[in-house]
């Protein structure tokens, strides 16, 4: 076996003197004879100053000597040894010990059109920033997803590959599979962006690294459906999923430890623990805890209501609505409500307050998250009313049935949650007034879900035809073929169903 390499299972690890490894590091990049000859005078001058020996500044090794050092056939002595030891702060014997270094598998160069498409990650969405990797050192890129007003951001690994169009899929080029295998081997979260720039196309197509790894394990080139093209809709889902997922994974242990505490709070009549009591939770973790408690509390009291209830939701932005789309317990709760009260002729409804200022200050992808949330309510048989009156923006979430109200709020409050029940008329009156106003003056009033949602799209300045068409594309492929939640507390199934529901409502004037 060559002295410069050794077998390690099925992989080959390069073995070099530590000196070469240090010189080849990115901060020096001086391992070649030419670059080393430029670095050496700096090393000699440094040693001369430190030891106050001017003669050291004039010492030079020959190119042949340097090559013998790297070959391991010669160990420096005298002044050469001194200069090396001073500069690297290591004994020469250590500098010439053999060490293994990771082989770098290089990806194929990206086409100019692909590089242009990659730059869109930096300016299309304000919460997106692409940090390219370094092909020469094997460092992969990062996709930084900044947080919004309430939730922290996160960072995920990302790698861009050229792909060939194959009908309705983009297939990663076989020549890039060795590099792809190194990228997906890591257990960190990552996504692959496939591009057809090299084939004369444009755009980027998304696949979770874990799904690509699954394809590789069964001997297939990863294929990314064309429906998974990165646009405002796909970015909205990617942003929401990764921010929610990483926030929950960061709090997995403390949330698990609070399970019994949560059951206690559900059983008592009212509670509002301050955020300061749970400083170990991230904003996402606190949102999950508050949302879960409110859902359980409402379900526990639904049987006591004298009539079909009306719900009031405090969420007014896409970021605030993201938990509705992804938290598993949210869908169990909505299904419970639907099973009890939804049906033909039912008065079941939910009110949102979304002032025009909230719409104008939101990016397109965030307005899409809000739209999807309201569409999800309609999918569960819950008629939606929408008011834009600023005075109702701070009304907390509640459930109302005649003269009985259940207060349940976790959004924009000083406490992690606040729950209570009341049938006192003066306390219930503000809730009755708010619901009555939303019902009487809804901005999305219409006879069908399609009519209400099409009107909502207009209000949110979203293209109804484009959005329902894209929902149809994604519904046909399924989100689980693009992304994979890691937290057991999240699910994509209800969002998939919502996309399918919207796909059935398509058409510019369907139901209006």
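The values are calculated or read from the model by the stated rules, or taken from the named source; none is laboratory data. For clarity, every value in this text was computed on a predicted model and none was experimentally measured. Neighbour counts are summed over all protein chains in view; Cβ atoms, including those assigned to glycine, are modelled from backbone coordinates with ideal geometry.
Which one of these is out of contact with any strand residue (DSSP E or B) (no Cβ under 6 Å at 6 or more places or on another chain) and either over 29 Å from residue 158 (Cβ atoms) or part of a helix (DSSP H, G or I) (or both): 117, 47?
Values: 117 fails: out of contact with any strand residue (DSSP E or B) (no Cβ under 6 Å at 6 or more places or on another chain).
One residue alone meets the criteria, 47.
Among the strands (runs of 3 or more DSSP E) contained in segment 203-322, which hold 2 or more residues that are over 30 Å from residue 114 (Cα atoms)?
The qualifying strands (runs of 3 or more DSSP E) are 310-313.
Sort through 378, 356, 391 and tell me the only one that's touching a residue at least 60 places away in the same chain (Cβ under 8 Å) and on the phi < 0 side of the Ramachandran plot.
None of the others qualify; the one that does is 378.
Collect the residues in segment 327-362 that are within 19 Å of residue 393 (Cα to Cα) and either within 28 Å of the chain's Cα centre (by Cα) or surrounded by fewer than 16 Cβ atoms within 10 Å (Cβ to Cβ) (or both), keeping them in residue-number order. Give the derivation first.
Restricting attention to segment 327-362, the residues satisfying the condition of being within 19 Å of residue 393 (Cα to Cα) are 349-362.
Across segment 327-362, the qualifying residues are 352, 353, 354, 355, 356, 357, 358, 359, 360, 361, 362.
Find the residue count for segment 183-195, including only residues that are buried (at least 17 other Cβ atoms within 10 Å of the Cβ) and out of contact with any helix residue (DSSP H, G or I) (no Cβ under 8 Å at 6 or more places or on another chain).
The total comes to 1.
When segment 140-164 is examined, which residues are found to be touching a residue at least 60 places away in the same chain (Cβ under 8 Å) and over 11 Å from the mean Cα position of the chain (by Cα)?
Selection gives 148, 149, 150, 151, 163.
Determine which member of the set 318, 397 is modelled with pLDDT of 95 or more and under 14 Å from residue 435 (Cα atoms).
Values: 318 fails: under 14 Å from residue 435 (Cα atoms).
Exactly one of 318, 397 is modelled with pLDDT of 95 or more and under 14 Å from residue 435 (Cα atoms), namely 397.
Does residue 96 fit the bill of being touching a strand residue (DSSP E or B) at 6+ places or on another chain (Cβ under 9 Å), farther than 24 Å from residue 204 by Cβ and at pLDDT 90 or above? Give the derivation first.
Numbers: touching a strand residue (DSSP E or B) at 6+ places or on another chain (Cβ under 9 Å): yes; farther than 24 Å from residue 204 by Cβ: yes; at pLDDT 90 or above: yes.
It is true that residue 96 is touching a strand residue (DSSP E or B) at 6+ places or on another chain (Cβ under 9 Å), farther than 24 Å from residue 204 by Cβ and at pLDDT 90 or above.
For residue 450, which of the numbered conditions (1) within 27 Å of residue 241 (Cα to Cα); (2) touching a helix residue (DSSP H, G or I) at 6+ places or on another chain (Cβ under 8 Å) fails to hold?
With (1) within 27 Å of residue 241 (Cα to Cα); (2) touching a helix residue (DSSP H, G or I) at 6+ places or on another chain (Cβ under 8 Å) applied to residue 450, the lone miss is (2).
One line per residue, one yes/no per condition, for (1) touching a strand residue (DSSP E or B) at 6+ places or on another chain (Cβ under 9 Å); (2) over 22 Å from residue 412 (Cα atoms); (3) in the same structural domain as residue 195 (by TED's automatic domain parsing):
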| site | (1), (2), (3) |
| --- | --- |
| 235 | yes, yes, no |
| 245 | yes, no, no |
| 257 | no, yes, no |
| 278 | no, no, no |
| 286 | no, no, no |
| 289 | no, no, no |
| 295 | yes, no, no |
| 305 | yes, yes, no |
| 311 | yes, no, no |
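If residue 10 satisfies all but one of (1) at pLDDT 90 or above; (2) surrounded by fewer than 13 Cβ atoms within 10 Å (Cβ to Cβ), what's the number of the condition it fails?
Status for residue 10: all satisfied but (1).
Can you go through 450, 429, 434 and tell me which one is loosely packed, with under 15 Cβ neighbours inside 10 Å, modelled with pLDDT of 95 or more and over 30 Å from residue 192 (Cβ atoms)?
From the options 450, 429, 434, the qualifying one is 429.
Would you confirm, using the coordinates I've provided, whether residue 199 is buried (at least 19 other Cβ atoms within 10 Å of the Cβ) and not assigned by TED's automatic domain parsing to the domain that holds residue 323?
no
Quick test for you: out of 469, 436, pick the one residue that is free of Cβ contacts under 8 Å to residues at least 12 places away in the same chain and assigned to a helix (DSSP H, G or I).
Answer to the selection: 436.
If you check 207, 244, 170, which single one turns out to be buried (at least 22 other Cβ atoms within 10 Å of the Cβ) and over 17 Å from the mean Cα position of the chain (by Cα)?
That would be 170, the only listed residue that is buried (at least 22 other Cβ atoms within 10 Å of the Cβ) and over 17 Å from the mean Cα position of the chain (by Cα).
Go through (1) touching a helix residue (DSSP H, G or I) at 6+ places or on another chain (Cβ under 8 Å); (2) under 27 Å from residue 363 (Cβ atoms) for residue 208 and report which single condition fails.
So the condition that residue 208 fails would be (1).
Contact list please: Cβ distance under 7 Å, first residue in segment 332-351 and outside the structural domain of residue 379 (by TED's automatic domain parsing) and more than 20 Å from residue 431 (Cα to Cα), second residue at pLDDT below 95 and surrounded by 14 or more Cβ atoms within 10 Å (Cβ to Cβ), pairs at least six apart or on different chains.
Hits for this filter: zero, empty list.
Would you tally the residues in segment 184-202 being within 23 Å of residue 237 (Cα to Cα) and part of a helix (DSSP H, G or I)?
1
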